[in-house]
Amino acid sequence: MGIDYSYEIVAPRKAVIRLVESLASHLVPDDADRLLSAVRKAPERLMAVARRGQYETHDLCLSFLFAPDDRIAEHGGNDRLSDPVSGRVAIGCVWSSLRCGDRFALFRGTAATSGMSHLFESSPNIRAAFTKIGQDAGAWLVAFDDEQDDLLGVWPHARRMGEGVVDELVRDCEYELRVDEYCDAVLRAFGVSAGG
């Protein structure tokens, strides 16, 4: 069985459009257009509207653009989708979800393969890109899930969460109904205040 490492971004619910715009600036053009179009059509149903074809019942398959580094060069990318103007390399499919509660929005970008999971863990430019997405969106937290029963903080705190909140609150069929509870618990575990 493979590994499924992911990045998580916890933001205020009212910042969903800002979060989508920040994500779009790190996506290949077709995926960015699909997300931005979905925001204009139905912000409250963003992810359902943005799905297409065979992925209708799953998270979105998105190709992200990352600045190259040694790890990304080793992994390779999709040359056809890479951006020659910025020099960024296309990496995808990243299984992406955006779930909203009453107070919080939770973005999760999960590597589609074990090789991509290792890339997510080792590439400083991938970590920097997800941090920038969170900062630009006005998020409260960017974290990395390396399947260790807790999360590794990326921004604003770079440390382990130290609590088993992830398995307790996410790995069940009621995940979408528990976004606020999960985000609140994760922020408290990292000592981050969800003010404003």
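The values are calculated or read from the model by the stated rules, or taken from the named source; none is laboratory data. Treat the numbers as computed from the prediction; the structure is a model and nothing was measured. Don't worry about glycine lacking a Cβ; one is built from the backbone with ideal geometry, like all the others, and counts go over all protein chains shown. Heads up: the accessible areas ignore ligands, DNA and RNA and are worked out on the full protein's heavy atoms, side chains in. Shrake-Rupley method; radii C 1.70, N 1.55, O 1.52, S 1.80 Å.
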I'd like the FRET efficiency for Thr113 and Asp33, computed as 1/(1 + (r/R0)^6) with the beta carbon distance as r and R0 of 35 Å, rounded to 0.05. 0.90
What does the charge add up to near Leu65, with Lys and Arg as +1, Asp and Glu as -1, over the other residues with Cβ less than 10 Å from its Cβ? -1
What distance in nm separates the two pseudo spin-label positions at Gln148 and Asp79, each 7 Å out from Cα along the beta-carbon direction? 3.7
Here the gain from full extension of Ala194 to Asp136, 0.36 nm per residue of separation minus their alpha-carbon distance, amounts to 19.2 nm
Accessible area of Ser123 in the full protein assembly, 1.4 Å probe (Å², nearest 10): 0
So what are the ³J(HN,Hα) numbers for the stretch 183-190, from phi and the Karplus equation (6.51, -1.76, 1.60; θ = phi - 60°), rounded to whole Hz, Gly and Pro as x? 4, 4, 5, 5, 4, 4, 4, 8
Would you please give the residues with an amide H less than 5 Å from that of Leu151, counting only those at least 5 places away or on a separate chain, with H modeled from the backbone geometry? Met161, Gly162, Glu163
The ³J(HN,Hα) series, computed from each phi in the stretch 129-135 with the Karplus coefficients 6.51, -1.76 and 1.60 at θ = phi - 60°, rounded to the nearest Hz and given as x for glycine or proline, is 5, 5, 5, 5, 4, x, 4
